[in-house]
Amino acid sequence: MRMGMKKWVGLFIVGVVVLCLGRSITWGKISSGETAPSFSLKDLKGQTFDLLQVKEKPLVILYFFDVESRPSQEGLLSLHQLKKQYKETDMTVWAITLSPKEKVTKFIENTGILFPVLIDTAKISDLYQARQILPTVCIIGPGLKILDYFQGGGKTTEAMLVRVAERELQRKQTKVAKAISNEVIKKNPQNVKAQTIKGYAALKEQNFKEAEEVFKEVSRQGTQGEILGKEGLAAVYVKKGESEKAIQLAREVEQKAPERAFVHVVKGDALYAQDKKKEAEMEYQKGVEKKVAEPYQEAIRYNQMGRYYASIGQYPKARELYEKAVNLDPYYIEGTTNKGLTYEKEGNWEKALESYRQALALEKTDPFASVLARKAQEMIELQKDMKRKERIDQLVKELAARFRAQKEVEKKAVDTWTSQPMVLTFVDFQEKGWLSERDGFSSVMMSQLADYLNASGRVRVVERIIIDRLLEELHIGSSELANPETALKLGRVLAARLVGTGSLIYLPQGTLLNLRLIDTETTAIPQVTTRQIPSQASLEKELFQLNREILRTVITNYPLRGYIVKLTGDQVILNLGAKHGVVVGTKFEVIEEGEEIQYKGKTLKGSPKSAGRMEVVKVEPEFSYAKIIEQNRTFRPDDKVQEKAEEIALR
């Protein structure tokens, strides 16, 4: 009896263990938002592929399939064709199979598959519930976050490819998104979702003609097509600045599909551009409340509502919406930097830097995130450097007192020929126009432009922290800065010779920059620049070109002037150094005053003549060394020299 009891107890324990083991292998349902289970597998060559090694990759696709099942290979082969066409794409695809090695070898030979094919020897298919139904596809985003999970071939494979195209559109990989959509349309010309993706890809590329044609074609394809097509057309028209057409189409979509959200974002943008901000707020709010939107539309509807709240100083509300946007779309870098700016405006630089670093993890070369992160890091370091902080605080108090007393920096006028250092300051630009998707353009532009100009060595730009603190101390806002007199007074107090001011008009296609450089001594305007910066343009290139134009203006209108201090052989020492803006390679000519002519009691001066040229070869803070490259007469100490503008290398 005891033996029988022991036997039954033993069998019961074994049963419990087996049951527990069986449950541990199942691992529960795979769901979006979870972290993908990590694993390590090898390919036929024995190379190890560890999922943790691709943690920072933007898009990873795990494709579980059977090499003997053509339907389970269909999606994989479509991705293979895409990879052949766009080898530069950073999409990572791992094919995983339980098939025997010899059959895998034959499959690779027959298809020439470009992706690694991993042999599942560790029950990873069970881990991802990919044993019974094939293909099983798991789409993984940054940080190994599961974005999408598909099982089955046929229509499911088609839906999977559409979703990959949508993810690529979110990543702004428009060419890849179009290519995948075309692959789907080739097999199913009636797939309006794939056609719609093509339209939005063209729209992101600012190709309005193509986008309009695509959406018109979509709108002719049944009820769903009419809704998606007209919604897309409304988005095109608002980008083209045709607000009334956009609003009318949005209303038509709203009547046919009242739960769609994106049309309200379109209406909000159109109304905001017309300066109807309260009406725009109502539309943005509806866009957040409605339930239906395409995956690539989800983030922007929360972002625009957040941008509106940020524009009226409600930063916690804005931040909450930005977080929703980023949770819905892990590639939405705009929402990440926008969130950082809300912290920045509250003075929380650590949190701001954290957001900017998250953005840089998504896109290392993003100009907004790069500039803003650098600025935040500098502010954190300043807060820790108590001595420097005290110096800036004291300087700001002195400058504020001088501004209130309308007293400029005292100038010691002795040498009227030798140039003073060229100091330039930017004051806040007036911002107008529609509600751009991305906040911080003005701050990024001024910071990047200041970096370029300072790096040239020719111009010194007043530190932004000093200007910001001074404006804060004086309680001067953007409306007061729009007054040129206020900008000039600030420039004089800061001992700047030039003040950069103007406006930024945000347009659907980009940003219209109006820049004026004003001379604080004469109030002359040596440079006026109007430039449209397209939203798809490289901001660094645009600002670098603007930097060159400013340098050209400075060199042409304010050439460096000084004297020969000493001569040794063919080497000349000048009384101009790095602090004046001299750099190695700067060329000077020796100037002789033109002949004076007396006429009717007046002295008429002729144009100065060149007695030779020299090029700077070494620079010290207060002086520089130059070698003589042309000499029409013997140079002497106290000879006047002037920068030769047309030959200067703009650095």
Inspect all residues belonging to segment 567-588 and state whether any of them is at pLDDT below 95 and of a type in the set (F, W, Y).
-> no
Looking across segment 409-441 at residues that are of a type in the set (K, R) and over 28 Å from A578 (Cα atoms), the single one that is modelled with the highest pLDDT is R438
Scan segment 380-390 and give yes if some residue there is of a type in the set (A, V, I, L, M, F, W, C), assigned to a helix (DSSP H, G or I), surrounded by 19 or more Cβ atoms within 10 Å (Cβ to Cβ) and outside the structural domain of L494 (by TED's automatic domain parsing), otherwise no.
-> no
Of the residues A352, A373, A299, which single one is farther than 25 Å from I465 by Cα and either touching a residue at least 40 places away in the same chain (Cβ under 8 Å) or not assigned by TED's automatic domain parsing to the domain that holds D451 (or both)?
-> A299
Single unsatisfied condition, I476 versus (1) modelled with pLDDT under 90; (2) out of contact with any Phe, Trp or Tyr (no Cβ under 7 Å at 6 or more places or on another chain); (3) part of a helix (DSSP H, G or I) = (3)
Would you be able to say whether some residue in segment 599-610 is outside any strand (DSSP E or B), farther than 20 Å from H580 by Cβ, of a type outside the set (D, E) and touching a residue at least 40 places away in the same chain (Cβ under 8 Å)?
-> no
L79 vs (1) crowded, with 22+ Cβ neighbours inside 10 Å; (2) assigned to a helix (DSSP H, G or I); (3) in contact with a helix residue (DSSP H, G or I) (Cβ under 6 Å, 6 or more places away or on another chain): all pass except (3)
Quick one: which residue in E643, E593, E615 is acidic (D, E), surrounded by 13 or more Cβ atoms within 10 Å (Cβ to Cβ) and farther than 19 Å from K566 by Cβ?
-> E643
Does K267 meet the test of being within 30 Å of V93 (Cα to Cα), under 26 Å from the mean Cα position of the chain (by Cα) and among the charged types (D, E, K, R)?
-> no
Does I380 satisfy being farther than 30 Å from K198 by Cα and in contact (Cβ under 8 Å) with a residue 40 or more places away in the chain?
-> no
Residues in segment 538-556 that are within 16 Å of the chain's Cα centre (by Cα), basic (K, R) and surrounded by 14 or more Cβ atoms within 10 Å (Cβ to Cβ) total 0
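Yes/no per residue for (1) touching a residue at least 40 places away in the same chain (Cβ under 8 Å); (2) of a type in the set (S, T, Y); (3) buried (at least 19 other Cβ atoms within 10 Å of the Cβ); (4) more than 30 Å from S311 (Cβ to Cβ):
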position: V493; (1), (2), (3), (4): yes, no, yes, no
position: T529; (1), (2), (3), (4): no, yes, no, no
position: P534; (1), (2), (3), (4): yes, no, no, no
position: L567; (1), (2), (3), (4): yes, no, no, yes
Among the residues of segment 224-239, is any at pLDDT below 95 and surrounded by fewer than 24 Cβ atoms within 10 Å (Cβ to Cβ)?
-> yes
What pairs come up if the first residue lies in segment 111-131 and is in the same structural domain as L41 (by TED's automatic domain parsing) and of a type in the set (D, E, K, R), the second is in a loop (DSSP other than H, G, I, E, B) and buried (at least 17 other Cβ atoms within 10 Å of the Cβ), and their beta carbons are under 6 Å apart, counting only those six or more places apart or on different chains?
-> D120/L98
What number of residues in segment 100-120 are among the aliphatic types (A, V, I, L, M) and in a helix (DSSP H, G or I)?
-> 2
Limited to segment 239-282, what total is found for residues that are assigned to a helix (DSSP H, G or I) and either of a type in the set (F, W, Y) or within 25 Å of A201 (Cβ to Cβ) (or both)?
-> 23
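The values are calculated or read from the model by the stated rules, or taken from the named source; none is laboratory data. It should be emphasised that the depicted structure is a prediction, and the values quoted were computed from it without experimental measurement. Positions of Cβ are generated from backbone atoms using ideal geometry, with glycine treated the same way; all protein chains shown enter the neighbour counts.
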